[in-house]
Amino acid sequence: MKNIGIFISGGGSNLQAIIDAIAKGDITARISLVISSREGVYGLERARKHGIPYAVISRGDYKDSNSFGNAILELLEKRRVDLVVLAGYLNILPKAVVEKYKNRIINVHPSLIPAFCGKGYYGNRVHQAVLDYGVKVTGATVHFVDEGTDTGPIILQQSVEVLPEDDVNTLAERVLKVEHQLLPKALKLLVEDRILVDERRVIIR
């Protein structure tokens, strides 16, 4: 059974979606570690409630990216983590972590990449940009993590209609519901070794 490490920075609703999918038997894996970028977030309470080991590793506590990456890798190796999920994680993973877990780290982003993504596009900033631009469709994307920001090969996408009456909160709520469906689905594919990466193309078997 594969061990999953989940990285969070906030409430952890996508973490909960994965916990629920595993509990229902949809995903045959175990969450062996939750890492938060900061203390006091509700996602850590979700981990506590379900008896999942957790840790806080804050970038600001380390002098450089190398020491930050080494701290992360040490914990991942200690907990025998096979696959990593970024579930609302707001830090950039150090190069050493990305290289060690190449094509084994996935992230969920609240837009249809390559639109409204990259540096500075996170959380409600994404939804505000969508509304400001006036697009009719947005959505969610699950992709592999590489050394760029939201630039890894795309695994799954699902669209969400932008309604005339939408504000940031209503749009974010509907996109988040899609994230909760898409992220466990992509993780299931990864756990079952049903994903083949051919340069930028992801083929689902």
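Rule-based calculations on the coordinates, nothing more; no lab input. Bear in mind that the values here come from a model prediction, so they are computed numbers and not experimental data. Positions of Cβ are generated from backbone atoms using ideal geometry, with glycine treated the same way; all protein chains shown enter the neighbour counts.
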Rh (Kirkwood, all Cα-Cα pairs) for segment 109-169, Å, reads 11.8 Å
Sort 70-77, 157-164, 185-192, 137-144 by packing, meaning the average of other beta carbons within 10 Å per residue, with the highest value first.
137-144, 185-192, 70-77, 157-164
Computed D for segment 40-136, Stokes-Einstein, Kirkwood radius over alpha-carbon pairs, 25 °C, 0.890 mPa s, to the nearest µm² per second, is 158 µm²/s
Show me 112-118, 19-25 ranked by packing, highest mean number of other Cβ atoms within 10 Å first.
112-118, 19-25
Square roots of five times the C-alpha gyration tensor eigenvalues of segment 2-193, ordered largest first and given in whole Å, equal 26, 19, 16
Mind telling me which of ILE155, ILE35, ILE195 comes out most flexible in a GNM of the chain, alpha-carbon contacts under 10 Å?
ILE195
Student exercise, the chain dipole from Lys, Arg, Asp, Glu Cβ charges, in Debye to nearest 20:
620 debye
Those lysines that a straight Cα-Cα span of less than 27 Å connects to LYS2, excepting residues fewer than 8 apart in one chain:
LYS24, LYS49, LYS78, LYS95, LYS100, LYS102, LYS177, LYS185, LYS188
In nm, give the distance between the simple-model label positions of VAL135 and GLU173, each being 7 Å from the Cα along the Cα-to-Cβ direction.
2.2 nm
Taking 0.36 nm per residue of sequence separation and subtracting the Cα-Cα distance, how much length would be gained by fully extending the chain between ASP20 and GLU199, in nm to one decimal?
61.2 nm
